[in-house]
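Chemist: One structure coming up, written as structure tokens, with questions to follow.
What follows is calculated from the coordinates using simple rules that are stated; it is not laboratory data. Computed from a predicted model, the values in this text were never measured in an experiment. Note: ideal-geometry Cβ built from the backbone for every residue, glycine included; neighbour counts use all protein chains shown.
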Amino acid sequence: MTTRSRRAALATLLTFGLSAPLLGAASTSSTHSRPLSDRGADGCELALPPPAGPYPVGRRVLHLVDRHRADPWVSMAANRELMVSVSYPARSTGGRRAAYMAVDEAQLLLEARGLGGVVPAATVAGTRTHAQVSASPASGRFPLVLLSPGFSMPRSTLTALADDLAGRGYVVASVDHAYESVGTQFPGGRILTCAACEQVNTPAQEALAVRGRAADLSYVIDELTSYQRTRVLSGMIDPRRIGIAGHSIGGAAAAATMAADPRVRAGVDLDGDFFVHPAGAGLGRRPFMMLGADSTHGPDGHDTDWPEAWSHLHGWKRWLTVTGAEHFSFTDLPYLADQLGLSDPAVPLSGVRGWSITRDYVTAFFDRHLRELPRPILDGPTASEPEVMFRDGV
């Protein structure tokens, strides 16, 4: 592949979230041109899968401002701002249910995916979650997992994974990076849109975005583990057990954060290229897992840098691809699209199945490497997960 075509492929992957007109992937179904009310789905209530594990889930939202860094995308922004949803093991339920996203955020997401006027923004914003706002934290100290979403995607698209991990005994911080999603609500009602989407179009800018996210995520660790800044939350976190996962460019950020921050013990890339070269370098012998769609990150997929990364991973490692998946199969979006009747007929893997595979393998990975629990699902192909292929002789 030529340098020019390589750059085009990378830019396409980065902007996938803006170009696909469905809540998970492109579709040619004629129903997308008619509002839900015309299709008998008026009043549809969406819901995320309930978390497993013994704990109720609490949720707190933090606005973090790194006053030592300027924003890389907007010169008028004095400092780097982040919105962080922290899901955590709680002691009880019964409080106010946490919102999935703001209505304005949902409207911008729907418009970016070609569904403005087709799906009511209030329907998506009102998706039923299973976390309670500011619930009392459970006793004990728990591993911390950070989640970074895909380029142009809000942190809410990883909510099901965040809450499921929290129910199993993890503190999970889902991060929105300012000006890198189609729309994120900040304090004061400010909606910051994707200024970066207009600027990231070369390999150098792609690497800049990844390294910027790595700095963001290290800053989040600083804040969450500081009692002076986050009080009760910091008391829940075991700073010796920190992991990170991300979707698309968020997966690249997971690897880059590990390379720059030795506090992070283990990481997962969900269907994202690395964009920083040499790909996968700098992790030492720390464990890393790549879980992606066979169409994009299998042997016959696009010109991915996963083989390069594989050669630089010197610790425990897995390269897994999922037959029938597409780029967003590892997020909430296909799961919600199924409920709306907007599933893509060109994607064989259902939203429910994509969610189950993501949950099973990501949870097993962190259980094994942050809790030292045996998880045989990671040892090789299983009859219960026939879609998951182990690559490179693993």
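Every residue, every condition in (1) under 30 Å from Pro386 (Cβ atoms); (2) in contact with a His (Cβ under 6 Å, 6 or more places away or on another chain); (3) of a type outside the set (Val, Ile, Thr), yes or no:
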site	(1), (2), (3)
Gly243	yes, no, yes
Gly246	yes, no, yes
Ala252	yes, no, yes
Ala256	no, no, yes
Ala260	no, no, yes
Arg263	no, no, yes
Pro278	no, yes, yes
Gly284	no, no, yes
Gly298	yes, no, yes
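Chemist: Between residues in the range 209-230 that are over 16 Å from Pro137 (Cβ atoms) and free of Cβ contacts under 8 Å to residues at least 40 places away in the same chain and residues that are part of a helix (DSSP H, G or I) and of a type outside the set (D, E, K, R), which pairs lie under 8 Å by C-beta distance while being six or more apart or on different chains?
Modeler: Ser226/Ser234
Chemist: Then there's this: Restricting to the range 120-141, count the residues that are under 17 Å from Ser92 (Cα atoms) and either among the aliphatic types (A, V, I, L, M) or surrounded by 21 or more Cβ atoms within 10 Å (Cβ to Cβ) (or both).
Modeler: Count: 6.
Chemist: Go through (1) within 15 Å of Ala162 (Cβ to Cβ); (2) crowded, with 22+ Cβ neighbours inside 10 Å one by one and return the number of the condition Ala112 breaks.
Modeler: All conditions are met except number (1).
Chemist: Which residues, counting only those in the range 194-211, are surrounded by fewer than 21 Cβ atoms within 10 Å (Cβ to Cβ) and not acidic (Asp, Glu)? Give the steps one after another, and end with the answer.
Modeler: Taking the range 194-211 and keeping what is surrounded by fewer than 21 Cβ atoms within 10 Å (Cβ to Cβ), we get 195, 197-199, 201-205, 207-208, 211.
Matches in the range 194-211: Ala195, Cys197, Gln199, Asn201, Thr202, Pro203, Ala204, Gln205, Ala207, Leu208, Arg211.
Chemist: Separate question: Just for the range 257-278: of the residues that are of a type in the set (Val, Ile, Thr) and not in a strand (DSSP E or B), which one is surrounded by the most Cβ atoms within 10 Å (Cβ to Cβ)?
Modeler: Going through the range 257-278, the residues of a type in the set (Val, Ile, Thr) turn out to be 257, 264, 268, 276.
Of the ones still in play, those that are also not in a strand (DSSP E or B) are 257, 264, 276.
On the way: Thr257: 27, Val264: 24, Val276: 24.
Only one residue fits best here, namely Thr257.
Chemist: Also: Quick one: is Ala254 in contact (Cβ under 8 Å) with a residue 40 or more places away in the chain and assigned to a helix (DSSP H, G or I)?
Modeler: yes
Here's the yes/no breakdown for (1) closer than 17 Å to Val268 by Cβ; (2) touching a residue at least 60 places away in the same chain (Cβ under 8 Å):
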| residue | (1), (2) |
| --- | --- |
| Ser311 | no, no |
| Gly324 | no, yes |
| Phe330 | yes, yes |
| Tyr335 | no, yes |
| Asp338 | no, no |
| Asp360 | yes, no |
| Thr382 | no, no |
| Val388 | yes, yes |
| Arg391 | yes, yes |
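Chemist: Any idea which of (1) closer than 30 Å to Ala207 by Cβ; (2) part of a helix (DSSP H, G or I) is the one Thr123 doesn't satisfy?
Modeler: (1)
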